[in-house]
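Visitor: Sending over a structure as structure tokens; questions will come in a sec.
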Amino acid sequence: MKIKNILTLGFLILSILSITFLSCKNEGEKEAQNTSEVEVYLTDKVYPILDTENSRWFFFTSASRPFGMVNLSPDTEINGAWGSGYRYAIDTIKGFSHIHAWQISGLSVMPVTLSEENNKTIFTDFYSKFSHQNEVIKPGYHKVKLERYGINAELTSTKRVGFHKYAFPKEKNSGILFNLNTVLGPCENINGELEKIGDKEFSGKLIAAATHRRPKPLTIYFKVELNRAFKSIEHDDETGNYLIRFDASEEPILMKTGISYTSIENASNNIASELPKWNFDKIVKDSHNEWEGLLGRIKVKGGTDQEQRRFYTDLWHALQGRRIISDVNGAYPDNTGATFKLGQLPLNKDGKPKFNHFNSDSFWGAQWTINTLWGLVYPEIKEEFVQSLLQYEKDGGLIPRGPSGGNYTYVMTGASSTPFIVSAIQQGIIKEDLETIYLALKKNHMPGGIMEKAGYEHKTNLGGGLTYYIDKGYVPYPIPEGKFGGHQDGASLTMEYAYQDWTLAQLAKKLGHQEDYDYFLNRSKNYSNVFDAETGWMRPKNVNGIWKNDFDPYQVENGFIESNGAQSTWFVPHDLKGLANLMGGDEKAIEKLNNQFKTAEKLNFTAGNSHSQELHPEYRRIPINYGNQPSIQTAYIFNKLGRPDLTQYWSRKIVDKAFGGLAPSTGYNGDEDQGLMGSLAVLMKIGLFQMNGGTDSDSEYQIGSPIFDEITIKLNPDYYSDSTFTIKTINNGPTNTLVNKVMLNNKPVENYKLIHSDVIKGGTLILEMTSEETLKN
């Protein structure tokens, strides 16, 4: 009887254990299933600290919207355009500033705790250590702990309003410093003022002093709203800065900071329009959704986790750097004339601006980067930037090549906006007022236009050497009249002008201006006048037509802009066949360029890992440099000369060596320039490129070697078909980098090229991949 009872009890225990096990197993399976169904956000793949050990002022972005007027983030270095902003290797935060733009900085704030010990020194001694272990950075959001004060700071934003959340130690009196008079990045902040409006509001302004590149000062207006009353506002006569004091409280301080370049009223209106409520988490989510939507225009499958993370980091960089300067109502600063004016953008039928106005670094190099990426994936962004450039022409008489603070900076050289605008027309993005646009572009290519001005040449028009280019067919080196601006490098200027003339000629042809077409097409051949057949390189020559003595094609910046002769010789994107003929034919040109790549590979295709290293003796003699714009097209030249296999081979190696890293110490290995190199990396990784910048009549794409198994581009139905363009690779892998067969919508594709009108219809491009050895056999 006892044995039977024991057996029965044992059976019951086993049954219970079995049921429990099955229940746990089912719950585990459900949990695993739920985990697998959790959506992976593309913003989570972004690696915001990429290359931040080499940051420049406008490079790093965290609590910002795409192209936002507000670019709120911590600063660890504040003095100098280069080597400033958020520098990963520096462990001290010197403030949270709202504006990180091309030649503009402003409105640095710092939350602090207050005590008897620091009461008298807080205006000059307020920096705080921090640790990356206590930091969260995502597109649109930044969280960090200020160790000195025990403050948890969170930052997010709308387009024009910074939103702060500060959790202070509950037993400490707290404050927020407004450092209105300081040096931030490229410029000094001066004449800062702050005025109380109510017990929870105040407003103010400061001046971003003129710089060498932006020769006119710019006033920055701001309005601040708080979620709880402050105790007092103190002003320090020595520094000119302000401290907002609060009593101790467990309640976090929320702060909205609206920015405007036109008035305090518009700064206030920007808050009322974009951030009327106080839900911090909702704004973080809204920012996340905006970034997610833009990043989601391109979906990739395959590749390694690091490759995908780096890809979306590149794409993220392609959508920032250039900043909005217009208010919600369309008001903007017009500094193009002798005196400051308040500009107003045209409004649509709903009373809203038709486009935003922008601050922007140069479009120098854009023909191989944002021209193509924005044109295909973000046509609405490209249209806005074109309209903004045209607005500058309406105000100041010239289309700029890199405006700052509503004014011309004459950054870099040439008429670099011409290819950008022409490509938008050729891609069907810009359809109206083409005659007016053509005349505005033509003005820049003639005496009195922007081509005449060298970099930052504000008061003269001699440094660009345009009259020599027109009369002699080349720009001499040196310019005989003397030094007037930056980059007066005649050989590079000649080639740059020739390409830009060719792009303008395409628009002249489209509009039926045959005489102009012939004229600019003839000028586009001027590149041949600086080709030295004896040496086989582009070579500077003086005003008398005498070649530069002791010429060395690897000597940097002696007639060549941010490059050497070996790199810049290939800057003929509009006539590579003509260049090859000068070199003795396609085969000799291919051999020459291929040997340059073999040498460049030993230095990972870049002149060091930062722009500052390009003049270093170890790196400056590199024959191809993918860390700066002048030679970033070179891998695709092989395609145009009948060797697509070499385009695929070298472009894949460049992606791996130059654009494959994921660390604070590396990333773009040179000069990222507000999304240019990020865009280039994206294009090389999806295997699409436009040699002439998409300025030909049907905007041709060259096919490269995609690194992913599948790439799906969502086309904008407002401009193109309501469909997707998908690139699928078969047998892709680290060794299978060559494209053996190309099919578009089940039809074979010849010559490894596509045309824009076919791509924007949507469909599927299939690339059959193979290895170099298989192809040989």
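No lab work stands behind these numbers, since they all come straight from the coordinates. It should be emphasised that the depicted structure is a prediction, and the values quoted were computed from it without experimental measurement. Here the Cβ is made from the backbone with ideal geometry for all residues, glycine too, and neighbour counts use every protein chain on show.
Visitor: For ASN594 and GLU768 in one chain, what is 0.36 nm times their gap in residues minus the Cα-Cα distance, to one decimal in nm? Let's see the in-between values first.
Guide: Values: separation 174, 0.36 × 174 = 62.64 nm, distance 2.40 nm.
Taking ASN594 through GLU768 to full extension adds about 60.2 nm, to one decimal.
Visitor: Okay, next question. Once you have the Cα-Cα distance between SER131 and ASN79, take 0.36 nm times their residue separation minus that, and quote the gain in nm to one decimal. Don't skip to the end; give the middle numbers.
Guide: Values: separation 52, 0.36 × 52 = 18.72 nm, distance 2.17 nm.
Stretched fully, the SER131-ASN79 segment lengthens by 16.6 nm.
Visitor: Right, another one. Give me the percent of Cα-Cα pairs in the chain that sit more than 54 Å apart, rounded to a whole number. If you can, show how the numbers build up before the last one.
Guide: Values: 43411 of 301476 pairs.
Here the long-distance tail beyond 54 Å is 14 percent of all Cα pairs in the chain.
Visitor: What is the packing order of peptides 427-439, 253-265, 666-678, taking the mean over residues of other C-beta atoms within 10 Å and listing the highest first? Mind showing how you got there, number by number?
Guide: Values: 427-439: 14.8, 253-265: 22.7, 666-678: 26.9.
Peptide ranking by packing, descending: 666-678, 253-265, 427-439.
Visitor: Please work out the C-alpha center-to-center distance from the stretch 151-182 to the stretch 291-365 and express it in whole Å.
Guide: 26 Å
Visitor: Then there's this: Sort the following peptides by mean Cβ neighbour count (other Cβ atoms within 10 Å, averaged over residues), highest first: 270-282, 546-558, 681-693. Please report the intermediate quantities before stating the final value.
Guide: Values: 270-282: 16.1, 546-558: 14.4, 681-693: 25.7.
Output ranking for 270-282, 546-558, 681-693: 681-693, 270-282, 546-558.
Visitor: Just want the ordering: LEU345, LEU42, from fewest to most Cβ atoms lying within 10 Å of their own Cβ. Could you put the intermediate results ahead of the total?
Guide: Numbers: LEU345 19, LEU42 24.
With the fewest neighbours first, LEU345, LEU42 line up as LEU345, LEU42.
Visitor: Nearest 0.05, what FRET efficiency do ASN751 and ARG245 give at R0 = 51 Å with Cβ-Cβ as r? Kindly include the intermediate steps, with their values, before the conclusion.
Guide: On the way: r = 70 Å, r/R0 = 1.38.
Computed FRET efficiency for ASN751 and ARG245: 0.15.
Visitor: Assuming 0.36 nm per residue, please report the length gained on full extension of the stretch ASN731 to LYS231 beyond their Cα-Cα distance.
Guide: Taking 0.36 nm per residue and subtracting the Cα distance, the gain is 173.3 nm.
Visitor: At what distance in nm do the modelled label points of LYS349 and ASN191 sit from each other, each positioned 7 Å from its Cα along Cα→Cβ?
Guide: 4.4 nm
Visitor: Can you give the FRET efficiency to the nearest 0.05 for MET446 and ASP718, using r as the Cβ-Cβ distance and R₀ = 51 Å? Please report the intermediate quantities before stating the final value.
Guide: On the way: r = 35 Å, r/R0 = 0.69.
For MET446 and ASP718, the calculated efficiency is 0.90.
Visitor: Another question about this same structure. Please arrange PHE659, PHE560 by counting, for each residue, the other beta carbons lying within 10 Å of its beta carbon, fewest first. Can you show the working numbers first?
Guide: Values: PHE659 25, PHE560 28.
Fewest-to-most Cβ neighbours within 10 Å comes out as PHE659, PHE560.
Visitor: While we're here: Please give the residues of the stretch 342-373, grouped as numeric ranges, whose backbone N is less than 16 Å from a label point set 7 Å along the Cα-to-Cβ vector of ALA272.
Guide: 352
Visitor: While we're looking at this one, here's another question. Be a star and scan the stretch 387-405 for residues whose amide nitrogen sits under 19 Å from the point 7 Å along the Cα-to-Cβ vector of GLU432.
Guide: In the stretch 387-405, the label zone of GLU432 (backbone N under 19 Å from the point 7 Å along Cα→Cβ) covers 387-395.
Visitor: Can you tell me, using C-alpha contacts under 8 Å and at least 6 residues apart, the relative contact order of the chain as a whole percent?
Guide: On the way: 1805 pairs, mean separation 80.1, N = 777.
Over the chain, the number comes to 10 percent.
Visitor: Based on alpha-carbon centroids, what's the gap between the stretch 206-245 and the stretch 664-713 in Å, whole number please?
Guide: So the two Cα centres are separated by 40 Å.
Visitor: Oh, and also: In which sequence would HIS132, HIS445 go, from the one with the fewest C-beta neighbours within 10 Å to the one with the most? Intermediate results must be reported in sequence, preceding the final value.
Guide: Values: HIS132 12, HIS445 26.
By the 10 Å Cβ count, ascending, the order reads HIS132, HIS445.
Visitor: Next up: If you average the alpha carbon positions of the stretch 439-454 and of the stretch 463-541, how far apart do those two centres end up, in angstrom?
Guide: One Cα centre to the other: 13 Å.
Visitor: Sticking with this one: Describe numerically, in nm with one decimal, the distance between label points set 7 Å from Cα along Cα→Cβ at ALA89 and at GLU601.
Guide: Placing both labels 7 Å along Cα→Cβ, they lie 3.0 nm apart.
Visitor: Using 1/(1 + (r/R0)^6) with R0 = 30 angstrom and r between the beta carbons of MET743 and LYS509, what's the FRET efficiency to the nearest 0.05?
Guide: Values: r = 32 Å, r/R0 = 1.07.
That pair, MET743 with LYS509, gives E of 0.40.
Visitor: Shape call for the stretch 480-594 from the C-alpha gyration tensor, a ≥ b ≥ c root eigenvalues: rounded (a/c under 1.5), prolate (a/b greater than b/c) or oblate?
Guide: Numbers: a/c = 2.12, a/b = 1.27, b/c = 1.67.
Oblate.
Visitor: Would you please classify the overall shape of the stretch 44-295 from the alpha carbon gyration tensor, given that a ≥ b ≥ c denote the square roots of the eigenvalues, rounded means a/c under 1.5, and beyond that prolate means a/b larger than b/c while oblate covers the rest? Display every interim value, and only then the final one.
Guide: Details: a/c = 1.18, a/b = 1.11, b/c = 1.07.
Because its axes are fairly even, with a/c under 1.5, the stretch 44-295 counts as rounded.
Visitor: Another one. Rounded, prolate or oblate: which one fits the stretch 178-263, using the alpha carbon gyration tensor with axes a ≥ b ≥ c (rounded when a/c is under 1.5, else prolate when a/b beats b/c, else oblate)?
Guide: Details: a/c = 2.49, a/b = 1.96, b/c = 1.27.
In terms of gyration-tensor shape, prolate.
Visitor: Shifting gears a bit: Measure off 7 Å from each Cα along the Cα-to-Cβ vector at HIS212 and LYS301, then give the distance between these two points in nanometres to one decimal.
Guide: For HIS212 paired with LYS301, the spin-label model returns 5.2 nm.
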